[in-house]
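Please read the structure below before turning to the comments.
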Amino acid sequence: MDNQFIMQFFEWNIENDGEHWNRLKQDALALSKAGMGAVWIPPCAKAAQQNSVGYDVYDLYDLGEFDQKGTVRTRYGTKAQLIEAIGEAHRQGIRVYADVVLNHKAGADATEKFLAIEVDPNDRNRELSQPFDIEGWTSFTFPGRGDHYSGFKWNYTHFSAVDRDGLTKRNAIFKVYGEGKVWAEGVDNEKGNYDYLMSADIDYNNEIVVEEVKRWALWLIETLHVDGFRMDAVKHIDEGFLKGLVDHVRGKTSPDFFVMGEYWHADQARLNRFIDDSDQALQLFDVALHFRLVEASRRGRDYDLTHLFDDTLVSTNPFRAVTFVDNHDSQPGEALESWVEDWFKPIAYAMILLRKDGLPCVFYGDYYGINGGPASKKAQLDPLFYARKALAYGEQVDAFDHANVVGFLRKGDMEHPDSGVAVVASNGEEGTKRMAFGPERAGRTFFDLTGNRGETITLDQDGAAVFTVNGGSVSVWADEAHRDWASRE
């Protein structure tokens, strides 16, 4: 079976031109040829504002079909364009994962008056008031859609908290008061209880809400034929609800329906605890590895590369780890900015794309460039994509034995002709690493697929050689049989 990987097919500053679904349709063939097995698309439901990236979700059933919030299309296009793009991706053998935002709703159609309790934003378990009347944006009636697809209308009883009181014109965290109104238990314990994140927080202690969201999830899959979900902000959503939703979807569709979650925390122990508590229902992004890569890129030669994978999800739970270098939240200028510096990007991508563990996810902003920000790294990434697709198979042998120069090789397999690759990375000076494929490869000549090194290297009688790398760089040594790809126009 061929290696595949995911592309996050958007960045935060994508043009608000309604053409993004068309871009996916146009690029599907090229992405498939590059080895992409799946794309993660941005939130496709109508948001509170026309120019929104989509995480301030308004109407889950409006995929760019109804005139709501001053627009029919979303930032990315219309429902019809989205369906066409997904169809083309499927024709090219690419699975499509929808970004699902189920923690909160925004852009309510009207306010309601109800009782609430103000809580300490730094300790949500600490109440700062007795119950009192507030006016919150909690009435969602969807006048542009009406009862099409669903007649469910949201009101304050369906939420656990809001962040604005219209009566006093104050911003704070106001927990809805009433029977059964308690914070969810299965959430992160940061700030005492991290159930509340933003806007009108959905209450999954309410069974009516749970049943509606389950219905919607199946509707979305049937409507778009997506192959999986990327679940947003799972550290703020009750684990029991998430497991129940995933079980429901897989039971009604396919046991192989793919689900990956965003739990933004650098401690792999917390990530693993969530995976265990949700009974292995989701894969998680390896945020712990991301922050290792950030640190390595900032410290340069002062960072010990032998510890790059220490205490990461991919090292402790490789079959549940979605590895990534950067994403829309970590890109420059965003709230969670934690950018891996550009010089280190090729090294970082080699480490997630060419090793045996983890499911890699490539960031659109790295491949295509960020609008108004860092430029495309396509020329540096394409060789790594090819290496993953054609070469990175078989046994992995690590040579993480020097603080500034590390390497590993994949010995190849019979299914992929002339496969196998030797990777050497340096965060300091020019360096070398002796590694051995085995005597069966004796006499074969290797070249650097990245073009960073111009020489060729011939394996000795033991199938070993001293592989070189430039300072602050990575080299990917491949059998000369693959030279045709490197010299393509």
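The values are calculated or read from the model by the stated rules, or taken from the named source; none is laboratory data. This one's a predicted model, so the numbers in the text were calculated from it and none came from an experiment. Glycine gets a Cβ as well: all are built from the backbone with ideal geometry, and neighbour counts include every protein chain shown. The protein model used for the area step is the full one, side chains on, heavy atoms only, and it has no ligands, DNA or RNA in it. Shrake-Rupley method; radii C 1.70, N 1.55, O 1.52, S 1.80 Å.
Would you point out which residue out of Ala233, Ala266 is on the phi > 0 side of the Ramachandran plot and either at pLDDT below 95 or under 20 Å from the mean Cα position of the chain (by Cα) (or both)?
Ala233
Annotation: of all residues in region 336-358 being open to solvent by 40 Å² or more (accessible area, probe 1.4 Å) and under 16 Å from the mean Cα position of the chain (by Cα), the one that is modelled with the highest pLDDT is Glu337. Inside region 284-299, residues that are over 21 Å from Gly261 (Cα atoms) and either open to solvent by 10 Å² or more (accessible area, probe 1.4 Å) or of a type in the set (Ser, Thr, Tyr) (or both) make up a count of 4.
Scanning region 286-319 for residues that are assigned to a loop (DSSP other than H, G, I, E, B), free of Cβ contacts under 8 Å to residues at least 60 places away in the same chain and of a type in the set (Ser, Thr, Tyr) turns up just one, Thr312. Considered as a group, the residues in region 446-459 that are in contact with a helix residue (DSSP H, G or I) (Cβ under 9 Å, 6 or more places away or on another chain) and either of a type in the set (S, T, N, Q) or loosely packed, with under 13 Cβ neighbours inside 10 Å (or both) include one that is nearest to Gly428 (Cα to Cα), and that residue is Asn452. Annotation note: Cβ proximity below 8 Å between a residue of region 26-43 that is farther than 19 Å from Gly228 by Cβ and a residue that is in a helix (DSSP H, G or I) and open to solvent by less than 10 Å² (accessible area, probe 1.4 Å) (sequence gap 6+ or interchain) occurs for Ala34/Phe385. Screening the candidates Asp304, Asp311 for the property of being more than 13 Å from the chain's Cα centre (by Cα), within 22 Å of Phe408 (Cβ to Cβ), open to solvent by less than 60 Å² (accessible area, probe 1.4 Å) and of a type in the set (Asp, Glu) yields one hit, Asp304. Just for region 228-272: of the residues that are in contact with a strand residue (DSSP E or B) (Cβ under 7 Å, 6 or more places away or on another chain) and among the aromatic types (Phe, Trp, Tyr), which one is most open to solvent (accessible area, probe 1.4 Å)? Filtering first and then ranking leaves Phe258.
Filtered by the rule that a residue be buried (at least 22 other Cβ atoms within 10 Å of the Cβ) and on the phi > 0 side of the Ramachandran plot, region 198-227 gives a lone residue, Ser199.
Looking at region 86-113 only, could you name the residues that are touching a helix residue (DSSP H, G or I) at 6+ places or on another chain (Cβ under 7 Å), of a type in the set (Gly, Ala, Ser) and more than 22 Å from Arg145 (Cβ to Cβ)?
Filtering region 86-113 down to residues touching a helix residue (DSSP H, G or I) at 6+ places or on another chain (Cβ under 7 Å) leaves 86, 88-89, 92-94, 96, 98, 102-103, 112.
Applying the additional criterion that residues be of a type in the set (Gly, Ala, Ser) yields 89, 93, 98.
Of everything in region 86-113, those that are touching a helix residue (DSSP H, G or I) at 6+ places or on another chain (Cβ under 7 Å), of a type in the set (Gly, Ala, Ser) and more than 22 Å from Arg145 (Cβ to Cβ) turn out to be Ala89, Gly93.
All conditions but one from (1) over 21 Å from the mean Cα position of the chain (by Cα); (2) not in a strand (DSSP E or B) apply to Ala89; the one that does not is (1). Residues considered: Gly93, Gly107. Of these, the only one that is at positive phi, open to solvent by 10 Å² or more (accessible area, probe 1.4 Å) and touching a Lys or Arg at 6+ places or on another chain (Cβ under 8 Å) is Gly107.
If you go through region 104-126 one residue at a time, do you hit one that is charged (D, E, K, R), closer than 30 Å to Leu224 by Cβ, assigned to a loop (DSSP other than H, G, I, E, B) and in contact (Cβ under 8 Å) with a residue 24 or more places away in the chain?
Keep residues of region 104-126 that are charged (D, E, K, R), which gives 105, 109, 112-113, 118, 120, 123-124, 126.
Within this subset, residues satisfying the condition of being closer than 30 Å to Leu224 by Cβ are 105, 109.
Retained after the next criterion (residues that are assigned to a loop (DSSP other than H, G, I, E, B)): 109.
After this cut, where a residue has to be in contact (Cβ under 8 Å) with a residue 24 or more places away in the chain as well, the list is 109.
Taking every residue of region 104-126 in turn, at least one turns out to be charged (D, E, K, R), closer than 30 Å to Leu224 by Cβ, assigned to a loop (DSSP other than H, G, I, E, B) and in contact (Cβ under 8 Å) with a residue 24 or more places away in the chain.
Yes or no, residue by residue, for (1) free of Cβ contacts under 8 Å to residues at least 24 places away in the same chain; (2) farther than 19 Å from Ala350 by Cβ; (3) among the hydrophobic types (A, V, I, L, M, F, W, C):
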{"residue": "His416", "(1), (2), (3)": "no, no, no"}
{"residue": "Ala436", "(1), (2), (3)": "no, yes, yes"}
{"residue": "Ala442", "(1), (2), (3)": "yes, yes, yes"}
{"residue": "Thr456", "(1), (2), (3)": "no, yes, no"}
{"residue": "Ala464", "(1), (2), (3)": "no, yes, yes"}
{"residue": "Ser475", "(1), (2), (3)": "no, no, no"}
{"residue": "Ala486", "(1), (2), (3)": "no, no, yes"}
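Against the numbered list (1) surrounded by fewer than 20 Cβ atoms within 10 Å (Cβ to Cβ); (2) farther than 30 Å from Thr223 by Cα, Ser150 comes up short only at (2). Gln68: in contact with a strand residue (DSSP E or B) (Cβ under 8 Å, 6 or more places away or on another chain) and open to solvent by 10 Å² or more (accessible area, probe 1.4 Å), yes or no? The answer is no for Gln68. Selection over region 182-193 of residues that are on the phi < 0 side of the Ramachandran plot and open to solvent by 30 Å² or more (accessible area, probe 1.4 Å) gives a count of 4. Among the residues making up region 359-398, a single one is open to solvent by less than 20 Å² (accessible area, probe 1.4 Å) and free of Cβ contacts under 8 Å to residues at least 24 places away in the same chain: Gly369.
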